[in-house]
Amino acid sequence: MNFETLDKDVHIKTGESEVILTSIDELANWARANSIWPMGFGLACCAIEMMATYASNYDLERFGVFPRNSPRHSDLMIISGTVTFKMADRISRLYEQMPDPKYVISMGSCSNCGGPYWEHGYHVVKGVDRVIPVDVYVPGCPPRPEALIGGILKLQEKIKSQKIADLKK
Amino acid sequence: MLSDFGIVLLALIFAALAILLVLGISWLFRPKKPTVEKLMTYESGEDPIGNANIRFNIRFYVIALIFILFDVELVFLFPWATVFGNSNYIQQSNGLWGWFTLAEMFIFILVLALGLAYVWAKGHLEWVKPEIKTPKIKSKIPMNMYENVNKKYSENEF
């Protein structure tokens, strides 16, 4: 089993041999990658695109992505918008309060690198990766819902390549 | 042979075991990395302040009771509405069904309305406000003395 691609015909298990063998890593990754629960919070205009992605047209729930109200339930934190220094405190605390394993998608130019505030924004963190570790960067200002879905697919790839032994370290 | 209660007991035991099994599996494979901040009370990323058991104004008690009165009324109105317009019953009873159910519902609402009228008449809908008591003292100086002084000096603009 390789995770080079997410094409269905590579991963499909037909049950023809009546016994399905798998490893704990693969099983856990399969479960984790297909039930990514993001924390339900938005920061700025990217949050509007994020909400559009959750809603019926783009329907993130078909990827098992379903926003939660508490960091205790969440696997993923979508940083959707401008991170000000005032918010950075809260973001890092909320990130700390999420249970492991946890992932971060940095959505949009502002959270990637400061965006339009890169030079004169005295109040803006120049990239949320200066505060918390980021797994996937989604470029755009703001990124379209397709781009966010692309980011989530990339994150699924990343989750499917991880090992439980590494996570427990 | 197991009695009926024995089957219930078995179901309880197996339910508990199944839950323990699932919790045990996740305990085996999950990463355990507790930190001070992770174990902190969640309060939307703010510093948690004070106790979660806050005091609540006792004056809301009556309001909550009256709210339940009308809540229950609605709960009963919805199933009533589904059978009220049932054309089968109306045809079978030559139209008597509609009048009967309507009267029943009006009696029900009337009883509740009487309750509300009682509460209103008793003054429970009044929001109790703190009463400001002006101190009364027996003084030999009449109160209009002060009024004269105040009047005299209010005419002078400082």
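At-a-glance table
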{"quantity": "Bridge type composition, the protein assembly as shown - antiparallel percent by DSSP, nearest 5", "calculated": "10"}
{"quantity": "Accessible heavy-atom area order of A:82, B:35, highest first, probe of 1.4 Å", "calculated": "B:35, A:82"}
{"quantity": "Loop sites in the stretch B:2-90: chymotrypsin sites (Phe, Trp or Tyr not before Pro), DSSP, at most 16 other Cβ within 10 Å", "calculated": "B:42, B:56"}
{"quantity": "Gyration tensor (Cα) of the protein assembly as shown, equivalent ellipsoid semi-axes in angstrom", "calculated": "55, 41, 24"}
{"quantity": "Where labels lie 7 Å past Cα in the beta-carbon direction, separation of residue B:15 and residue B:138 in nm", "calculated": "7.5"}
{"quantity": "Largest-first principal axis extents, alpha carbons of chain B, Å", "calculated": "100, 74, 34"}
{"quantity": "Value of Rg/Rh across the stretch B:1-54 [Cα atoms, Kirkwood radius]", "calculated": "1.29"}
{"quantity": "Exceeding the 22 Å Cα-Cα cut-off - candidates A:86/A:158; A:102/A:163; A:102/B:32", "calculated": "A:86/A:158"}
{"quantity": "Extension gain (nm, one decimal) between residue A:24 and residue A:55, 0.36 nm per residue minus Cα-Cα", "calculated": "7.8 nm"}
{"quantity": "Per-bin percent of Cα-Cα distances, the stretch B:54-140 [10 Å]", "calculated": "13, 28, 21, 16, 11, 6, 3, 2, 1"}
{"quantity": "Under 27 Å from the Cα of residue B:129 - lysines, other chains or at least 8 residues apart", "calculated": "none"}
{"quantity": "Inverse mean reciprocal Cα-Cα distance (Kirkwood Rh) of chain A, Å", "calculated": "16.8"}
{"quantity": "Of all accessible heavy-atom area on chain B, the percent that carbon and sulfur account for (1.4 Å)", "calculated": "70"}
{"quantity": "Cα-based reach from residue B:152 at 25 Å (exclusive), listing lysines while leaving out same-chain residues under 8 positions away", "calculated": "B:136, B:138, B:140"}
{"quantity": "Where B:40, B:143, A:39 fall by accessible area, highest first, once all protein chains stay in place (1.4 Å)", "calculated": "B:143, B:40, A:39"}
{"quantity": "Paramagnetic reach from residue B:26 (point 7 Å along Cα→Cβ, amide N under 18 Å) across the stretch A:140-169", "calculated": "A:164, A:168"}
{"quantity": "Heavy atoms of residue B:124 accessible to a 1.4 Å probe, total area in Å² rounded to 10", "calculated": "90"}
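The values are calculated or read from the model by the stated rules, or taken from the named source; none is laboratory data. Nothing here was measured: the structure is a model prediction, and the numbers come from that model. Please note: Cβ atoms are built from the backbone with ideal geometry, for glycine as well, and neighbour counts cover all protein chains shown. Surface areas here come from the heavy atoms of the whole protein model, side chains and all, with no ligands, DNA or RNA. Shrake-Rupley method; radii C 1.70, N 1.55, O 1.52, S 1.80 Å.
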